[in-house]
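A short worksheet on the structure shown next.
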2 protein chains.
Amino acid sequence: MTDTRFDVVGIGNAIVDVLGHASDSFLDVNDLTKGAMTLIDADAAERIYSRMGPAVECSGGSAANTIAGLASLGGRGAFVGKVRDDQLGAVFGHDIRALGVHFETPAATDGPATARCLVFVTPDAQRTLQTYLGACVNLGPDDIDEDLVAAAKVTYLEGYLWDPPQAKEAFRKAARVAEQAGRQVALSLSDPFCVDRHRGDFLELVENHVDILFANEDEVMSLYQVADFDAALQRVRGHCQIAALTRSEKGAVIVAGDEVHVLDAEPVEKVVDTTGAGDSYAAGFLWGLTQGMDLATCGRLGGVVAAEIIGHMGARPDIPLRQLVAERMG
Amino acid sequence: MTDTRFDVVGIGNAIVDVLGHASDSFLDVNDLTKGAMTLIDADAAERIYSRMGPAVECSGGSAANTIAGLASLGGRGAFVGKVRDDQLGAVFGHDIRALGVHFETPAATDGPATARCLVFVTPDAQRTLQTYLGACVNLGPDDIDEDLVAAAKVTYLEGYLWDPPQAKEAFRKAARVAEQAGRQVALSLSDPFCVDRHRGDFLELVENHVDILFANEDEVMSLYQVADFDAALQRVRGHCQIAALTRSEKGAVIVAGDEVHVLDAEPVEKVVDTTGAGDSYAAGFLWGLTQGMDLATCGRLGGVVAAEIIGHMGARPDIPLRQLVAERMG
């Protein structure tokens, strides 16, 4: 295997989050499915935004959050995703580059605006996502730089990329290039509803192309259409080299062939906003993995990083994660 | 006095804050004056932003923060300020209207972009502001709706408005309309450096037009060019109907003719970011005043609201203030 310039290249939707508090009755009145990510068009985005309370804008996007977390841990990250050349696109580019991440996907000069995700955080710290994909629909295979993918130990793909039609082709190209270069391919299942939309494709990917799978309990159960976690665990075991399955306050299970780790959740003082919990778990895990750490340590790292993220509003770290991990992991 | 539709109309720079953490050495290397608000042009804004770490965007602006706080307390607020018809302008308009604030100043359709303030928060919770005024330079007397000003109990003006040249005329027009309608005029001195830039004008305003003055210790001492707080206190006493003078952890002094209140600071668990401390103090104070409360209660309300704001990143309330005040004030 040749030299790698990057630990992980993430490919995903380049999104700016618009975060606000909301009550459960607000979700009901506006017919929003709690806990889910729902795709909306530009008109619906305007309409729902106009009803939303005061908000804060933070760069987001699932794979982008993971790469941001990896970079904050000291990892060498790259990101591929499509913004427009507008103000929110500039914000997205600034925030990821400010962490030292390589981000050179050209911004679209026409077409829809930079993607936004309206994030409604309810008092139970659950988040409900309404995503306007905007410029993300213009991500295509041409945006995949083969040298970049070949130069990363891991290519990390978010399941949400299956939603914009062209991005799927970018996703497939990246996976192919990574495989040919002898690199690892990681996939996050993103969301149980996303799994519902694309189950057949995801099953094929997991069985044939994915080395490292990230899924939470609901997602992996949805993938195999089984009613309990253990049934899903038995199914996934044979397919991926590594599966990291997260279970919120019940901790996580890491399975890699015969090796199985059942890890407790890290303590959290107060859960404020679960946006980005899965993304940041993947950040910690992949950083550990690309540093050559054992799987149990990778799992703990994922838990430590996720615990930081859910303790405040927003999906990206509020403090340098390298420092946090040094304190927590000793 | 005729009926009032609004408790307070605020007139100020319409700004989106770009908030990030920074070290003291970052301020040194980039020649940023700690604790101050410095005006920068578009090129400098780009240059400094490119060196800034990951950030979060929140609507800001001094008087706008005050009106947002007033609305969150249940007060009837209006705001006059100039954005451009761009994405950050839409964010600013959304956030203030989402609080129920009347905001109908037409956005500029050409000229500079919506104003941004780069906010660097150091580990001591001090904030250093670099403001690109952008579209704010296009606020002028035509943007002052005389009926709106006449319909508000208090017209609240931020000292920063003295920076963009045309806005000064808008400021003077608003003060004149308010006086003629028998309303009160309030002024916030904004910043000791701002006082330095416009001392002569501010002295004339305070002596002849301002009924309610908000200033912190440094600002009021700068206004009168005296070296201790008490000297400034003795000077300001005769000029305004009411002066609310804030002193950070030393509390506040409210003076209105013979009436003087010396109030302790409200307890704060941890000071995270002092951005908006003065703005939110004015919000609490003016809400109390327009509800007919006594001055000591107004002062305490200011302190309670400011204590909430400095406990988190950003200059606007993170929770509905009406609820907070109900808990704290009993």
Gaussian network model of chain A, springs between alpha carbon atoms under 10 Å - residue of A:Phe26, A:Phe171, A:Phe103 with greatest fluctuation
A:Phe26
Decide, for the range B:65-203, between rounded, prolate and oblate: order the square roots of the alpha carbon gyration tensor eigenvalues as a ≥ b ≥ c, take rounded if a/c falls under 1.5, and otherwise choose prolate if a/b is larger than b/c, else oblate.
rounded
Is there a simple number for the mean count of other chain Cβ atoms within 10 Å of the Cβ of residues in A:54-64, and what is it?
5
What are the ³J(HN,Hα) couplings of the range A:115-121, residue after residue, when phi is run through the Karplus curve with 6.51, -1.76, 1.60 and θ = phi - 60°? Round to Hz, x for glycine and proline.
5, 10, 10, 7, 10, 9, 9
Highest GNM mean-square fluctuation, chain A, Cα pairs closer than 10 Å: which of A:Ala42, A:Ala150, A:Ala283?
A:Ala42
What is the range A:125-189 by shape, rounded, prolate or oblate, if you read a ≥ b ≥ c off the alpha carbon gyration tensor as root eigenvalues and call it rounded for a/c under 1.5, prolate for a/b larger than b/c, and oblate otherwise?
oblate
Would you kindly give the portion of the calculated P(r) for the range B:179-306 that falls above 17 Å, as a percent of all Cα pairs?
55
What value in Å³ per residue do you get for the convex hull of the alpha-carbon atoms in the protein assembly as shown?
153
Run through the other copies and list how far each one's label point is from that of A:Asp230, in nm with one decimal, shortest first; the point sits 7 Å from Cα along Cα-Cβ.
7.8
For A:Asp142, inter-copy label-point distances (7 Å, Cα→Cβ), nm, shortest first, read 4.4
Would you tell me the mean number of C-beta atoms belonging to other protein chains that fall within 10 Å of each C-beta in B:24-35, as a whole number?
0
Within 10 Å of the Cβ of an average residue in A:90-100, the count of other chain Cβ atoms is 4
I'd like the antiparallel share, as a percent to the nearest 5, of DSSP beta bridges with both residues in the protein assembly as shown.
35
Tell me the relative contact order for the range A:239-330 as a rounded percent, counting alpha carbon contacts under 8 Å between residues six or more apart.
26
Kindly give the distances from A:Arg5 to its copy-mates, label point to label point, with each label point 7 Å from Cα along Cα→Cβ, as nm values to one decimal ordered shortest first.
6.0
If R0 is 51 Å, what FRET efficiency do you get for B:Ala231 and B:Glu327 from their C-beta distance, rounded to 0.05?
0.85
Would you calculate the separation in nanometres between label points at A:Asp3 and A:Val272, each defined as 7 Å from the Cα along the Cα-to-beta-carbon direction?
4.2
Given charges of +1 on the Cβ of Lys and Arg and -1 on the Cβ of Asp and Glu, with all other atoms neutral, how large is the dipole of chain B about its Cα centre, in debye to the nearest 20?
340
Prolate/oblate/rounded label for chain B (Cα gyration tensor, a/c 1.5):
rounded
So, in Å, what gap is there between the alpha-carbon centers of the range B:82-140 and the range A:292-310?
39
Which whole number of Å³ per residue matches the convex hull of the alpha-carbon atoms in the range A:267-315?
51
Which residues make up the longest stretch of chain A that has no GluC sites (Glu not before Pro) in a DSSP loop with at most 14 other Cβ atoms within 10 Å?
A:105-268
Give the separation of the Cα centroids, the range A:31-73 to the range B:141-164, in Å.
35
Which one of A:Val262, A:Val121, A:Val272 has the biggest mean-square fluctuation once chain A is modelled by GNM with Cα springs under 10 Å?
A:Val262
Kirkwood hydrodynamic radius over Cα pairs of the range A:141-247, then Stokes diffusion coefficient at 10 °C and 1.306 mPa s, in µm²/s:
114
Ordered by fewest other Cβ atoms within 10 Å, a rough proxy for footprinting exposure, A:His312, A:His239 read A:His239, A:His312
Please compare each pair in B:Lys173/B:Lys250; B:Lys34/B:Lys153; B:Lys82/B:Lys153; A:Lys270/B:Lys270 to a cut-off of 27 Å on the Cα-Cα distance and tell me which ones are over it.
B:Lys173/B:Lys250; B:Lys34/B:Lys153
Taking neighbour counts of Cβ atoms within 10 Å as a proxy for exposure, in what order, fewest first, do A:Val253, A:Val9, A:Val304, B:Val268 appear?
B:Val268, A:Val304, A:Val253, A:Val9
Quick one: Cα convex hull volume of the range B:26-88, Å³ per residue?
141
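Values in this text are rule-based calculations from the coordinates and carry no lab data. This one's a predicted model, so the numbers in the text were calculated from it and none came from an experiment. As a convention, Cβ positions derive from the backbone with ideal geometry for all residues, glycine included, and neighbour counts pool all protein chains shown.
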